[in-house]
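Inspection log for the structure reproduced underneath, given as structure tokens.
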Amino acid sequence: MDWLVTPFEVAFVQRALWGGLLVSCVCALAGTWVVVRGMAFLGDAMAHGMLPGVAVAALLGGNLIIGAAVSCAAMAFGVSMLGRSKRFAPDTAIGLLFVGMLAAGVIIVSRSQSFAVDLTGFLFGDVLAVRGRDLMYLGVALVIALLVTVLGHRAFVASTFDPRKAHTLGLRPTLAQVALVGLVTLAIVASFHVVGTLLVFGLLIAPPAAAMYWSDRIPVVMVLAALLGAVSTAIGLLISWHAGTAAGATIAAVAVGTFFLSALAAALRDRFGARKLGAASVAALAAVPLVGCGSGETTPAAEETPHGYVAGAEEQQEAQTRLVVADADGAVLVVDLLSEQVTTVDGLRADHARPSDMAGVRLAGDGRYGYVSGGGRLTIVDSGAWTVDHGDHKHYYAAPIRTIGTVDADAHAVAAHSDPALAAVVLDSGQTLVFDRTALDQGSVPRARRVDGIAVPYGERLVVADDAGRVEVRPRDDSAGQPLPAPCPQPRGQAVTRRGLVFGCADGALVVTRRDGEFAAEKIAYPAPGADRATAFTHRPGSPTLTALAGRDGVWTLDIRKRTWSRLAIADPVAVNTAGESSAVLVLTGDGVLHGLGPETGAAQARLELLPRDAAGAATIQVDPARAYVNDTSGRMIHEIAYNDNLRAARTFAVDIAPAHLVETGR
């Protein structure tokens with residue numbers, strides 16, 4: 001059942017699922033009245049009529065939600081005014097304004113090359129980029145929609161079926177119509193920036209229309225519509241994950257599919273007289289996929305010490321992603337990617353290192369701590385953000401940002417890895433400094449244990465590859481352990497993935513795995529002898545797809561699942577990374593251009609002129625499930641790139657240092 005559960009273990013898919021569920025509930029409340037009152041054309045027109053307001057807001061640097069709301073309000077006002085004319089039917093006014101507003105929006109978009117790329121995002125959404133702040137907006141929208149629906153229920157029903165009687169009863173049908181249009185506007189505006197107008201309209205119409213086959217009571221239809229929308233979201237995300245399709249469009253297609261399935265099932269019910277198949281049966285059947293998509297996690301009993309607890313930390317609802325940034329002089333900043341706040345912390349100050357050696361500063365990270373090295377010293381910076389992964393669920397924590405301390409180090413840190421017990425910092429001298437992770441978490445720097453070779457915590461052990469080519473699995477106290485039969489000559493580079501621990505060797509990659517308490521090793525040889533070897537790996541944390549530079553005219557991708565190397569040809573690469581899972585391989589070349597290459601063929605998919613030529617050589621690429629980050633030393637900024645959206649430049653973070661190095665933490 002891994003294929004069913006695995007997609008929903010990823011944080012950005014979890015947020016997408018919650019976003020889809022909230023949108024389903026909001027759209028069920030508004031969409032039921034859209035279907036009952038025959039307002040589908042008006043709903044579609046308003047959904048697409050938002051484009052002028054969104055375009056203007058984007059060009060002026062304003063709030064997109066406000067721009068969308070103003071545009072929708074103008075659309076509703078225009079429909080109301082033109083609809084009073086007795087010369088033509090109301091749908092004529094809707095059609096004219098629909099085309100006019102959409103045309104105006106496209107004209108505005110076409111005049112701005114910087115915004116034109118977002119037209120696809122406007123139509124189809126970016127549900128996989130939903131953030132915690134978006135979920136908060138949707139939650140507020142759901143509360144407002146629920147209040148309007150409950151308070152206006154009698155007036156909505158009366159004005160729908162007998163406006164004259166509603167007027168007689170003092171229910172004010174005109175005001176009810178305005179409230180209904182406002183409810184539809186709320187659903188569209190609150191949801192479009194998360195999932196796009198296509199998905200909003202799909203969930204606004206299809207689930208309520210499908211639910212109408214199973215009940216004629218408005219509240220029941222709303223509940224069934226919300227349930228069908230939720231099922232469509234879960235199934236759509238599942239299909240999108242495995243088939244590599246656009247998530248928003250897939251969810252919309254599944255929602256429409258539920259309508260046709262409901263129509264077919266209702267026809268069979270009527271044909272064969274299965275009258276007992278009603279709303280309750282449909283609700284039970286619809287809930288089955290949601291049960292299957294669960295992680296199987298039950299609510300744990302209250303614990304005195306929760307999983308991953310650290311004194312002074314607060315558990316969060318989502319990953320608290322941050323960037324630890326250092327310049328060539330050892331100054332260190334931490335950038336919060338959620339709040340965009342920049343915090344200055346103590347780095348390698350002048351009294352920590354010899355000034356003549358400050359140019360040799362390096363930075364490594366293990367998902368929480370940043371290790372700044374240079375001048376014979378190693379400074380440990382706590383970014384205050386980390387994730388505790390228990391396999392079937394995760395905990396996200398935040399704590400104060402601070403410098404833990406400084407220790408002697410006669411070489412530079414090139415990589416860092418940790419588990420709950422150990423933190424290992426790999427040095428470019430071929431040795432590793434191993435720390436007590438528990439002591440670090442408590443705010444003190446313990447005496448480091450020095451290990452010859454590359455040492456990585458893995459599987460509750462310490463796996464060491466030394467210069468003699470031996471690979472050994474040792475207890476955490478570094479006593480004698482189990483040698484592995486497969487050698488790793490001249491080890492350089494390492495990575496920890498969900499599929500195993502990887503060492504870079506002169507003749508390929510050595511993958512160390514643990515199953516049922518037993519360790520095994522398998523060599524993945526280079527496809528051709530004498531190939532330019534990989535000396536450092538980059539990848540999305542946990543991903544089984546690794547990348548590395550392959551000389552001056554190519555990059556490597558290593559797929560741990562398929563046990564294969566692929567060499568992609570490209571001139572003058574200086575940095576490479578990938579999110580894996582069929583995502584593009586991101587390559588920065590010496591001219592400052594960021595390229596998106598096909599992961600198997602190496603075909604060019606997108607390019608972005610990102611950095612000045614003089615800054616490209618110092619740049620690195622950090623990748624997480626939603627975005628990539630590239631440092632710009634000349635511009636004193638960090639670029640955030642939406643790599644799944646044609647390498648769109650999403651945000652920039654200005655910093656007051658030249659960011660020579662950066663690592664991402666919190667995942």
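Restricting attention to the range 365-398, the residues that are assigned to a strand (DSSP E or B), at pLDDT 90 or above and within 17 Å of ASP436 (Cβ to Cβ) total 5. If you go through the range 465-504 and keep only what is part of a strand (DSSP E or B) and within 17 Å of ASP428 (Cβ to Cβ), you end up with ALA465, GLN494, ALA495, PHE503, GLY504.
Filtered by the rule that a residue be of a type in the set (S, T, N, Q) and outside any loop (DSSP other than H, G, I, E, B), the range 509-554 gives THR513, THR538, THR545, THR547. Scanning the range 233-267 for residues that are under 22 Å from VAL5 (Cα atoms) and touching a Gly at 6+ places or on another chain (Cβ under 8 Å) gives THR233, ALA234, GLY236, LEU237, ALA247, GLY248, THR250, ILE251, ALA252, ALA253, VAL254, ALA255.
Can you tell me which residue within the range 478-521, out of those that are touching a His at 6+ places or on another chain (Cβ under 9 Å) and of a type in the set (S, T, N, Q), is modelled with the lowest pLDDT? Looking at residues that are touching a His at 6+ places or on another chain (Cβ under 9 Å) and of a type in the set (S, T, N, Q), I get THR497. Taken together, THR578, THR535, THR564, THR513 contain a single residue that is surrounded by 21 or more Cβ atoms within 10 Å (Cβ to Cβ) and either polar (S, T, N, Q) or under 26 Å from ASP467 (Cβ atoms) (or both), which is THR578. Checked against the criterion of being in the same structural domain as PHE8 (by TED's automatic domain parsing), in a helix (DSSP H, G or I) and modelled with pLDDT of 80 or more, the candidates ALA190, ALA209, ALA176, ALA158 yield just one match: ALA209.
For ALA649, are the conditions met, namely being surrounded by fewer than 22 Cβ atoms within 10 Å (Cβ to Cβ) and either within 21 Å of ARG362 (Cβ to Cβ) or of a type in the set (A, V, I, L, M, F, W, C) (or both)?
It is true that ALA649 is surrounded by fewer than 22 Cβ atoms within 10 Å (Cβ to Cβ) and either within 21 Å of ARG362 (Cβ to Cβ) or of a type in the set (A, V, I, L, M, F, W, C) (or both).
Tally the residues that are part of a loop (DSSP other than H, G, I, E, B) and in contact with a helix residue (DSSP H, G or I) (Cβ under 9 Å, 6 or more places away or on another chain), restricting the search to the range 619-657. Before the answer, list the steps.
Initially, the range 619-657 is screened for residues part of a loop (DSSP other than H, G, I, E, B), giving 619-620, 624-627, 633-636, 643-647, 655-657.
Restricting the remaining residues to those that are in contact with a helix residue (DSSP H, G or I) (Cβ under 9 Å, 6 or more places away or on another chain) gives 624-627, 633-635, 644-646.
The qualifying residues number 10.
Among ALA283, ALA302, ALA266, which is the only one that is over 26 Å from the mean Cα position of the chain (by Cα), modelled with pLDDT under 55, surrounded by 13 or more Cβ atoms within 10 Å (Cβ to Cβ) and not basic (Lys, Arg)? Checking each option against the conditions leaves just ALA283.
Annotation: GLU664 fulfils all but one of (1) under 19 Å from ALA415 (Cβ atoms); (2) in contact with a helix residue (DSSP H, G or I) (Cβ under 9 Å, 6 or more places away or on another chain); the unmet one is (2).
All conditions in (1) outside any loop (DSSP other than H, G, I, E, B); (2) more than 31 Å from the chain's Cα centre (by Cα); (3) of a type in the set (Ser, Thr, Tyr) hold for SER444, with the sole exception of (1).
The values are calculated or read from the model by the stated rules, or taken from the named source; none is laboratory data. Please read all numbers here as calculations on a predicted model, not as lab measurements. For neighbour counting, all protein chains shown are included, and Cβ atoms are generated from backbone atoms with ideal geometry for every residue, glycine included.
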